[in-house]
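Have a look at the structure below before the remarks.
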Amino acid sequence: MTALPSQGLLTISPAAVVDNWRLFSGLGTAEAAAVVKADAYGLGADPIATALVQAGCRTFFVATLTEGLALRRLLPQPEIFVLNGPMAGEESCYADHRLIPVLNSPQQVILWQAMAGLPAALHLDTGMTRLGLDEADCSLVYGLNLRLVMSHLACADDPDHPANRRQLERFRTLTTAFPGVPRSLSASGGSLLGAEYHFDLLRPGIGLYGGNPIPSRPNPSRAVVRLTVPILQVRTVGSGVAIGYGEAGRTTTPTRILTLAAGYADGLLRRLGNRGAVVYEGVVLPIIGRISMDLITVDAQALGKRPVNVGDRVELLGDQLEIDAMADAAETISYELLTRLGTRYQRVYA
Ligand SMILES: *Cc1c(COP(=O)(O)O)cnc(C)c1O
């Protein structure tokens with residue numbers, strides 16, 4: 001199925017996700033899981049997890065119980081860890097659907113001690129102060145059937161940050177209390193910091209979806225998404241003409257303005273007004289004026305006199321426009337960009 005002529009088209013490549021997953025599983029001897037929370041970072045957990053299972057991925061992480069239930073309905077086999085962990089009243093839901101909770105707090109540990117040996121993962125706080133048990137809480141931990149002991153790095157996107165090594169040492173120390181239990185410290189960024197950060201299981205997310213886990217280095221991941229939207233109108237205007245809401249854009253020469261069929265309701269963050277860019281047939285065109293809910297305007301001056309037609313497609317994300325570049329222009333990160341791509345695009349998995 002392709003998009004209607006007036007509709008944006010989001011092409012998502014499960015094969016590229018699989019290639020990116022193989023990159024993580026090939027880093028060393030650690031198993032690579034796949035983090036598919038938030039509907040696989042907005043790209044569609046069902047087709048992506050299906051492709052990953054076919055490629056040999058055996059372990060998945062989601063954030064919420066609801067996500068875990070949906071993934072279990074789709075995939076009967078793999079281990080599914082639920083990062084946010086259980087609240088009272090949800091125990092049988094985990095048991096009935098063979099979902100493994102990550103126990104992040106003393107309360108969750110106590111809740112699971114009553115569950116007669118059902119499997120769990122344990123999250124240790126090594127310095128992020130978000131979720132996880134601290135050293136004092138660890139003395140509470142007995143009588144659990146632990147499948148995994150894990151922690152999470154706060155600064156893995158910055159290889160030179162001293163917190164990485166501090167958390168690594170802390171993880172080594174705290175996990176001596178759990179001999180024989182498989183260990184997992186690293187998401188995408190940490191996985192690329194070297195073998196000492198690997199332990200037994202890697203938990204890549206963004207690196208599977210084409211984001212660059214360590215922005216100061218070249219991106220090792222393949223692009224996964226391509227986004228094109230049609231031109232709704234081509235206007236020829238003079239110099240000094242106001243463009244869009246608040247008259248926030250203004251032409252500086254005679255030019256053509258292209259109005260495109262997507263806006264902030266489609267995840268084109270409003271911060272991209274007068275900052276972002278799009279690509280038409282290989283030529284980069286700057287966004288001019290504010291981003292509207294359903295529309296953006298671009299300045300086609302760089303096209304000179306080349307013909308441009310209503311219905312032609314303009315690329316917003318793809319090989320020439322990486323998600324990290326658009327995220328940068330919007331003063332955010334690729335994670336937020338991907339999870340905000342709206343529901344109005346025609347999505348094609350190919
Ligand atoms: C989201 C998340 C991941 C994946 O992180 P990326 O940076 O996207 O690779 C791994 N572990 C935990 C605990 C997470 O919350």
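Computed from the coordinates by the stated procedures, all read-outs in this text should not be read as laboratory data. Since we're looking at a predicted model, the values are computed, not measured. Note that we place each Cβ from the backbone using ideal geometry, even for glycine, and neighbour counts take in every protein chain shown.
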Residues of segment 98-111 being touching a residue at least 24 places away in the same chain (Cβ under 8 Å), closer than 24 Å to T173 by Cα and away from the ligand (no atom under 12 Å from the Cβ), in sequence order, are L103, S105, P106, V109, I110
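Yes/no per residue for (1) surrounded by 22 or more Cβ atoms within 10 Å (Cβ to Cβ); (2) over 18 Å from the mean Cα position of the chain (by Cα):
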residue	(1), (2)
A55	no, yes
F61	yes, no
R72	no, yes
P86	yes, yes
Y94	yes, yes
For segment 179-209 the number of residues that are charged (D, E, K, R) and part of a loop (DSSP other than H, G, I, E, B) is 2
Selection from segment 119-131 of residues of a type outside the set (S, T, N, Q) and more than 16 Å from T176 (Cα to Cα) yields P119, A120, G127, M128, R130, L131
Scanning segment 137-178 residue by residue, those under 23 Å from F61 (Cα atoms), in a loop (DSSP other than H, G, I, E, B) and either more than 16 Å from the ligand (Cβ to nearest atom) or in contact with a Leu (Cβ under 8 Å, 6 or more places away or on another chain) (or both) turn out to be V141, L144, S151, H152, L153, A156, F178
Being out of contact with any Lys or Arg (no Cβ under 9 Å at 6 or more places or on another chain) and either without any contact (Cβ under 8 Å) to a residue 40 or more places away in the chain or of a type in the set (G, A, S) (or both) narrows R222, R250 down to just R250
Restricted to segment 206-241 and to residues being within 16 Å of the ligand (Cβ to nearest atom) and over 13 Å from the mean Cα position of the chain (by Cα), the residue surrounded by the most Cβ atoms within 10 Å (Cβ to Cβ) is I214
Residues in segment 179-201 that are more than 9 Å from the ligand (Cβ to nearest atom) and closer than 24 Å to A63 by Cβ total 11
Scanning segment 264-300 for residues that are crowded, with 20+ Cβ neighbours inside 10 Å and small (G, A, S) gives G267, G273, G276, G289, A300
Apart from one, (1) assigned to a helix (DSSP H, G or I); (2) among the hydrophobic types (A, V, I, L, M, F, W, C); (3) buried (at least 23 other Cβ atoms within 10 Å of the Cβ) all hold for F81; the odd one out is (1)
Residue in segment 81-96 that is touching a strand residue (DSSP E or B) at 6+ places or on another chain (Cβ under 6 Å) and under 30 Å from A261 (Cβ atoms) present: no
